[in-house]
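Written out below as structure tokens is the structure these notes cover.
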Amino acid sequence: MSIWRQLTRGLRALTNRRAADQSIADEVESYLEQAAEALEANGLSPDEARRAVRLHLGNATTVREQMRSYGWENLISARASDVRYAARRLRHNPGFTVACVLTLAVAIGANSAIFSVLNGIVLKPLPYRQADELIELHHTAPGVHFPDVVSAPFLYFTYRQQGRSFQNIGLATSELRTLTGFSQPEEAQCLDVTAGLLPMLGVEPEVGRWFSEKDDVPGSPPTMVLTHGWWRARFGGNRSVIGRRIVVDGVSRTVIGVMPAHFQFLDQNPAFLHPLQLDRNKAFLGQFGYFGIARLKPGVTIEQASADIARMIPIALHSFPPPPGLTVKVFEDVRLAPRLRYLKQTLVGDIGKTLWVLMGTLGVVLLIACANVANLLLVRAEGRQHELAIRAALGANWSDIARELLTESIMLGLLGGAFGLGLAYGALRLLLAIAPANLPRLHEISIDPVVVLFTFTTALITGVVFGLIPIVKYAGPGIIPALRGGGRTSSQTRQQYRANSALVVVQVALALVLLVGSCLMIRTFQMLRRVDPGFDPKDALTMRITIPETAVKDPEAVMRLQQGILENIRALPGVTSVGITTVVPPEESPDSRQVYARDKIYRSVPPLRRLKFISPGLLASMRNRLIAGREFSWTDTYQRRPVAMVSENLARELWDDPRRAIGKQINANPKDPWREVIGVVKDEREDGVQLEAPAVAYYPLLMNDFDGQEFGVVRTVSYIVRSKRAGSRSLVSDLRQAVWSLNAALPLGNVRTLNEIYDKSLARTSFTLVMLGIAGAMALLIGLVGIYGVIAYSVSRRYREIGIRVALGARRRELARLFVAHGFVLALIGVACGLVGSVALTRVLVPLLFDVNPLDPLTYAAVSLGLLITSIVASYIPTLRALGVDPIDALRAE
Amino acid sequence: MDEANTDVIQGTLDMLILKTLSLEPLHGFGIARRIEQISQGVFKINPGSLLTALQRLERGGWLDAEWRVTENSRRAKVYKLTRAGKKQLENQTADWSRRVSAISRLLKAEV
């Protein structure tokens, strides 16, 4: 209760100081009267009584002050008056205030914007219940040089049964499925999940129910759950959708539930979900291709879980049969091992590194901005030096003066923060517009309370940092001597602007570091653009078609249909060539196999290679080059001849020379017959230009004896269409016609230009480049304004000196040189320091660079030179004013 | 000239005020006069300290105050003890007696 009373009384006193004061004065007055009356009663005259009382009471004002000073509200009202005073001073100096606030707002705003990205992507927990317990069941296979292996059903069953570290385990896999029964056949992304997965994430369905364990049993009636977005788009958010039947891949399924809007499965965007319905009795070794998630038991570390998994892998290998044609030994040689990671790590990947670099960069920009504002404050404090000295001489405590200066700078900082937050809001929209689309968790980025807190903490710290510099210089205990010099009549000494100069040097040095960083990124981008990807991304389009078994059963008929579509497309106007392939990275996860060469002896399993199935004519449509031999023909395909092609790097690895590969024999499964290598294809950097080209084995689309199957065809293929019309709507509708004239039930999936895919692989680099570029430009601008400011200030302080020099016959050109040289020397020292800093700091950029030395001499030289030249210009402009000085005016001015 | 010390013993002013008010509600001067009377002039109250102490005690919730018209028809701020104040007085009194008896035991102790 007493705390409540403290608070309310204090607030009352604070909001109505006058009433509180009156009450105190009344009480003192009434006390005096009572006392006087008592004395009168003892026989004193009224006057005597009053005098005696006053004598006894002491000074009534002192008593009142004593009473007033009690209470917490006084602390606040003292600060409030500091703030009022500071605000008044800032208002009377609009130019200075605007310059400071604007500089800070831009720098703080940029920091807040990047921080909100960092916060949304890296710092915030995933939107699941107790997300820090969730891990991805990721594996590694050093035996086949495969660092990243996902999960498989045989592992899932083993872990579920024998695991000691997990509360729950779930598997998921993503499939493209064909929907029929709507106006047009369409493809949609489907997430197949085990029943335990979503309860484990802690997500409840919005309508209906989630898959039960029973729905997940193989052979139970087919069900599906819709995601919110697709439900809204397709069924207008109608709740009566529950119980409706939808035909997916030819199977009629009952809708049993709808997911809530906030549900997001990692970075996937499925339209609906199916129960995975894994059959333990049909599981065998292999079948990797499932995403495994587990929830750790409370208190279990990821290391303990790894040990648990390592214990279970051998058990799993001996609990399930190997697939036909392989032995358990093959799987043991793979040396499967756990490589668990937190789910967030899986999702966020290495983008965090880029974001931290950007954050650091903008932190440097903020430092430069601080230096600028500190410089302005220094100039101002110097102008007030006389006043401050007089106040100190009159008995003002130096800590009072310091507090006053600090209040002012903190206010500037907070104002900058407030405007910065507004700027950050705008900047964030811009940022999200240019951010690479494959940035994870993009929709989770926003200005939330954490960002606001970050902004104001930064603003506060900033205010204190740049506020301390003038305080150390001007409000220290040694302030009095400033009175003697008088400051106004003499020219400035070198000593006086040592602090300003030091700040400028720091600014130039920091700006140089940032500019070097952004130029290295520009060079990286140039290098990436120069890389030959091995295919031509211009004027080409891809689309995917799946022919399900329900539509066409016979493999050869599938091939005929695929070829028919190809011929139809080739006949379209403006199409120069067309081919079929299976993998269009980075969208589709490629098929990988161990590839054996007949003339090699293998002690253990060979490394995994990428396997692609292609049609005749694909090389022409991709503009891949054939280095040796020939490509597949339709005869090879239909006669199912045992032929293959390999990529240049694979040929070199196996037989040193691409030409010697022709006639050699390979296969992807020891049980399959050997296939003769008939051609070698130039390397394709299909995973992204910055990544090494993968080693690839090419197979025809139609095969005998593949993977133990007698007769196989690839049902999901991508067409590569080379045409000047790529990207136009008319071509897409032509393509649709070409497909539907043969089979109207086939949807066209993922229609995109190759250029889109190619640009996407550059997106992260170009995003980093743009961000670093903006930071560098800001640093340069703020740094140059800093140089300009110091020179301009020095000119104005030396006005009188210039006047005297001119009067004594100094030539204007020499005067100009005096000032420009001053600016140049500062810039030179800054550049020297910056070069040292760059050498040390650009090391953090190494993971983002491609084929560029972080110590690239050309970049360093160009940036240094550019900075020096612009700083000469920045110091020349204010010098023009000095040149216009009229000596008479200058001398009279004092 | 050796003047008798009339200062209130440090730290006891609050207790004296609370005790005085536990007898009847009083205004500031009334409290001062009562303390001087009862102590038979041993303690003289400094008005500044008294008024500040009253303010503090009121803020702390031990006293309630209201402006009233006194018997000689003047306005005065009259203080009275709250329940929390009564409790506080008991605590302070108990504490004080414990200390006083300790001190007197020490002073009476013989070599």
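The values are calculated or read from the model by the stated rules, or taken from the named source; none is laboratory data. Bear in mind that the values here come from a model prediction, so they are computed numbers and not experimental data. Note that each Cβ is placed from the backbone with ideal geometry, even for glycine, and that neighbours are counted across all protein chains shown. Quick note on the areas: whole protein, heavy atoms, side chains included, nothing else; ligands and nucleic acids left out. Shrake-Rupley method; radii C 1.70, N 1.55, O 1.52, S 1.80 Å.
Could you check, for region B:77-86, whether at least one of its residues is closer than 24 Å to A:Thr61 by Cβ, among the basic types (Lys, Arg) and without any contact (Cβ under 8 Å) to a residue 24 or more places away in the chain?
No - not one qualifying residue is present in region B:77-86.
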Out of all the residues in region A:23-38, is one or more within 13 Å of another protein chain (Cβ to nearest Cβ), open to solvent by 60 Å² or more (accessible area, probe 1.4 Å), modelled with pLDDT of 80 or more and farther than 19 Å from B:Gly60 by Cα? yes
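Quick one: count up the residues across region A:727-744 that are more than 22 Å from A:Met559 (Cα to Cα) and either part of a loop (DSSP other than H, G, I, E, B) or of a type in the set (Val, Ile, Thr) (or both). Break it down stepwise before answering.
Pass one, region A:727-744, residues more than 22 Å from A:Met559 (Cα to Cα): A:727-733.
Now restrict to residues that are either part of a loop (DSSP other than H, G, I, E, B) or of a type in the set (Val, Ile, Thr) (or both): A:727-728, A:732.
Total satisfying the criteria: 3.
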What are the pairs with Cβ atoms under 6 angstrom where one residue, in region A:230-247, is surrounded by 12 or more Cβ atoms within 10 Å (Cβ to Cβ) and the other, located anywhere, is basic (Lys, Arg)? Sequence gap at least six, or different chains. A:Ile246/A:Arg253
Looking at region B:86-99, can you tell me whether even one residue there is more than 10 Å from chain A (Cβ to nearest Cβ), touching an Asp or Glu at 6+ places or on another chain (Cβ under 7 Å) and loosely packed, with under 15 Cβ neighbours inside 10 Å? no
The one condition B:Glu66 fails out of (1) closer than 29 Å to A:Thr61 by Cβ; (2) modelled with pLDDT of 85 or more; (3) more than 9 Å from chain A (Cβ to nearest Cβ); (4) crowded, with 19+ Cβ neighbours inside 10 Å is (4)
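Name the residues in region A:85-103 that are among the β-branched types (Val, Ile, Thr) and open to solvent by 60 Å² or more (accessible area, probe 1.4 Å), would you? First the steps, then the outcome.
Taking region A:85-103 and keeping what is among the β-branched types (Val, Ile, Thr), we get A:97-98, A:101, A:103.
Passing the criteria: only A:Val98.
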I need the full set of residues from region A:61-106 which are within 14 Å of chain B (Cβ to nearest Cβ) and in a helix (DSSP H, G or I), in order please. A:Thr61, A:Thr62, A:Val63, A:Arg64, A:Glu65, A:Gln66, A:Met67, A:Arg68, A:Glu73, A:Asn74
Every residue in region A:509-544 that is at positive phi and open to solvent by 20 Å² or more (accessible area, probe 1.4 Å), please. A:Asp539
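Does A:Phe331 meet the test of being surrounded by 14 or more Cβ atoms within 10 Å (Cβ to Cβ) and closer than 23 Å to A:Asp216 by Cβ?
Numbers: surrounded by 14 or more Cβ atoms within 10 Å (Cβ to Cβ): yes; closer than 23 Å to A:Asp216 by Cβ: no.
For A:Phe331, the condition - surrounded by 14 or more Cβ atoms within 10 Å (Cβ to Cβ) and closer than 23 Å to A:Asp216 by Cβ - is not met.
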Within region A:770-791, the residues that are touching a Ser or Thr at 6+ places or on another chain (Cβ under 9 Å), at pLDDT 80 or above and hydrophobic (A, V, I, L, M, F, W, C) are A:Met771, A:Leu772, A:Ile774, A:Ala775, A:Ala777, A:Ala779, A:Leu780, A:Ile782, A:Leu784, A:Val785
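Are there strands (runs of 3 or more DSSP E) fully within region A:510-603 with at least 2 residues that are of a type in the set (A, V, I, L, M, F, W, C)? List them.
Values: elements: A:540-546, A:575-581, A:591-594.
By residue number, A:540-546, A:575-581.
Could you check region A:117-190 for strands (runs of 3 or more DSSP E) lying wholly inside it with 1 or more residues that are closer than 30 Å to A:Leu226 by Cβ and of a type in the set (Asp, Glu)?
On the way: elements: A:134-136, A:139-141, A:146-149, A:166-180.
Strands (runs of 3 or more DSSP E) meeting the threshold: A:134-136, A:166-180.
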Answer from A:Leu376, A:Leu340, A:Leu278, A:Leu296 - the residue that is touching a residue at least 60 places away in the same chain (Cβ under 8 Å) and open to solvent by less than 10 Å² (accessible area, probe 1.4 Å): A:Leu296
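Kindly check whether there is at least one residue in region A:120-133 that is at pLDDT below 90, open to solvent by 40 Å² or more (accessible area, probe 1.4 Å) and of a type in the set (A, V, I, L, M). Steps first, please.
Residues of region A:120-133 that are at pLDDT below 90, as a first pass: A:120-132.
Those still in the list that are open to solvent by 40 Å² or more (accessible area, probe 1.4 Å) too: A:123-125, A:127, A:129-130, A:132.
Keeping just the survivors that are of a type in the set (A, V, I, L, M) gives A:123.
Taking every residue of region A:120-133 in turn, at least one turns out to be at pLDDT below 90, open to solvent by 40 Å² or more (accessible area, probe 1.4 Å) and of a type in the set (A, V, I, L, M).
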Does A:Ala551 fit the bill of being among the aliphatic types (A, V, I, L, M), at pLDDT below 85 and farther than 30 Å from A:Leu826 by Cβ? yes
